[in-house]
Structure formats: C-alpha cells, structure tokens
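One structure is given below, represented as structure tokens, and several questions about it will come after.
The values are calculated or read from the model by the stated rules, or taken from the named source; none is laboratory data. Predicted model only: the values in this text are computed from it and were never measured. All Cβ positions, glycine included, derive from the backbone under ideal geometry; neighbour counts span all protein chains shown. Side chains are part of the model used for accessible areas, which takes the heavy atoms of the whole protein and leaves out ligands, DNA and RNA. Shrake-Rupley method; radii C 1.70, N 1.55, O 1.52, S 1.80 Å.
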Amino acid sequence: MIAIGQIWNRWAKSRPLITLSLTNGMMGAIGDVIAQNIAQPTAQQTDKTKSTDGSSQAVGYDPMRTARFFLYGCMFGPVAYKWYSLLDRRFPLPLVTLGSSAPSALGTSAAKMLAIGKRVAVDQVAFAPVAIGAFFVVMGAMEGKRINDIRASLRAKYKDALVGNYALWPWAQL
C-alpha cells in the first residue's frame, strides 16, 4: 500500500492533471460499484425485473455503467482542478507567520472559516448547478440517449439532484 502511495505522489508531482483525472475516474468507478451493490435487489427479493418493453431481464451488475462513471470522472478531473484552483486564487486562506519562519496557510480560525465559506458559497451557487446539469447531459450521451430523452431526464432528476447536493456537499466541504 505504501508503494502505491509513493507512485501516486510521484505521478501527482510530474503529471498532476493526468493523475487527478485517473484518480477521479477510479473514485467514480468505485462509487458506482458500491452504489450498484447497495441498490441491487437481493436474490430473495427478486431475480428478474420487467424491462420497458414488458419482457423480463435479469437484474445484475452493469459494468458498462461503471465504465461510464470512470470515463466521466476522468473527463471531469481537469475541469474540477481548474475550478478549484480558481477558487484557491480568488479566496486564499489567510497566512500566519509562525515565529520568524515562513508563513503558513493556517490563519486565524475566523478568517479561515470566512475564506472557506466564500469558496463553498461560490462553488454551490455558480458551479454545482452547471456541473450537475453537465453530469446528466454527458452521462445520457454516453448511454446513447437521444436529446429529447436527456431533456426528460434533466426535467425528472435535476431538481432532486441539486437539492441533494445542497443538503450534503456544503457541509462536507466545511
């Protein structure tokens, strides 16, 4: 495990965007595997489900869905990197000098919380609505959906996804 961490650190220094993209893709894939296992009915509940045409099909793990989450995570990595780098520059954490040594990004507690609060607020107001919409559009396109089906998916799921985002991520970022 230590060797993996050392390799990751070396790659992060020499190729930060590629490393971030692959890491983000892996986290998306792992999250999807977990989600599919949680959401998947157990054998005792049912071993078949009705498809949209009325025929029965087996319920199971969808590796193509996991591949789509991996690919989306890889594509989103550079976008997130640029966005959060912008927030870091626009709302820097306050610096404090520790004795006579170099400054540290610790700052006072109140000033630090204010900077973090600004970052989170801007992220949630400006970026989250766009990123969530982009998720539904890109994933729909990767699923082969027609534009009308993607629009219908946005109408059906966007508001709940945005509300869920607002319920979880601001608190997780603080």
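Would you confirm whether any residue within region 105-112 is over 19 Å from the mean Cα position of the chain (by Cα) and either within 30 Å of Arg15 (Cβ to Cβ) or at pLDDT 95 or above (or both)?
Just the residues of region 105-112 that are over 19 Å from the mean Cα position of the chain (by Cα), to begin with: 105-112.
So of that shortlist, the ones also either within 30 Å of Arg15 (Cβ to Cβ) or at pLDDT 95 or above (or both) come out as 105-106.
Yes - at least one qualifying residue is present in region 105-112.
Then there's this: Do any helices (runs of 4 or more DSSP H) lying entirely in region 1-93 carry at least 3 residues that are at pLDDT 90 or above and surrounded by 14 or more Cβ atoms within 10 Å (Cβ to Cβ), and which ones are they? Even if it seems obvious, please write down each step before you answer.
Working: elements: 2-14, 16-39, 63-90.
Qualifying helices (runs of 4 or more DSSP H): 16-39, 63-90.
Would you confirm, using the coordinates I've provided, whether Asp123 is charged (D, E, K, R) and open to solvent by less than 30 Å² (accessible area, probe 1.4 Å)? So that I can check it myself, show each step before the final result.
Numbers: charged (D, E, K, R): yes; open to solvent by less than 30 Å² (accessible area, probe 1.4 Å): yes.
In short, yes.
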